[in-house]
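Report on one structure; see the data block that follows.
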Amino acid sequence: MLMEASIAADFIFATMYKEILELLPYKSSFRFVDEIISLDENGVTGNYTLKKDAFFYEDHFPGNPVTPGVIITEIMAQIGLVVLGIFLALHLEQKINVDEDEKVFPLFTSTEVSFFKMVLPGEKVIVISKKQYFRFNKLKCYIEIMNEAGELVARGMFSGIIKPFSQNKKSL
């Protein structure tokens, strides 16, 4: 009986993770989330493996490619702020009312990041986000990104607002 409950819980979580991944507003070459490892009202952990042929390596730097800091920041934001923001907006008491033709978009309002290590093409990174607060549709998180060896790549504080966005309207 305990094993059946565990299997049912795993199925529910896998379904929820898949639902959130499908709601991400990024596609193809600008989606930096491979997997959600854990997710609850207090934070999220997820990972992404940088593609060796990603468009940004061609010119950063020719012959010696390094992941740009803005891409590392974007990975942190997508996993640590956007995934958590979508979860909080759709699954908690402060649920944001979203019409059928609308999607939920967490939008950056501020970020402060410190970098410690380079990330090379093909490396897998793990993002760990801890919610500082979520109120009045504003989310603030402390986010760290590590390489597979567990070494700190970057860390920072990210803030954003969660807004419904109508696909029929041109602006947020």
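The values are calculated or read from the model by the stated rules, or taken from the named source; none is laboratory data. None of these values were measured; they are calculated from a predicted model. Backbone-built Cβ (ideal geometry, glycine too); neighbour counts: all protein chains shown.
Being modelled with pLDDT of 95 or more and more than 21 Å from residue 134 (Cα to Cα), is that true of even one residue in region 41-48?
Step one: filter region 41-48 for residues modelled with pLDDT of 95 or more, giving 42-48.
This time we only want the ones that are more than 21 Å from residue 134 (Cα to Cα), so: 47-48.
Looking through region 41-48, at least one residue is modelled with pLDDT of 95 or more and more than 21 Å from residue 134 (Cα to Cα).
Condition test on residue 2, is it under 16 Å from residue 77 (Cα atoms), at pLDDT below 95 and either surrounded by 15 or more Cβ atoms within 10 Å (Cβ to Cβ) or of a type outside the set (D, E, K, R) (or both)? Criteria not met by residue 2. Is it the case that some residue within region 93-112 is modelled with pLDDT of 80 or more, surrounded by 15 or more Cβ atoms within 10 Å (Cβ to Cβ) and not hydroxyl-bearing (Ser, Thr, Tyr)? No, because not a single residue in region 93-112 is modelled with pLDDT of 80 or more, surrounded by 15 or more Cβ atoms within 10 Å (Cβ to Cβ) and not hydroxyl-bearing (Ser, Thr, Tyr).
Applying the condition of being among the β-branched types (Val, Ile, Thr) and at pLDDT below 85 to region 7-40 and asking which residue is farthest from residue 164 (Cα to Cα) yields 7. Residues of region 115-172 that are more than 28 Å from residue 57 (Cβ to Cβ), crowded, with 16+ Cβ neighbours inside 10 Å, at pLDDT 95 or above and in contact with a Phe, Trp or Tyr (Cβ under 6 Å, 6 or more places away or on another chain): 140 alone.
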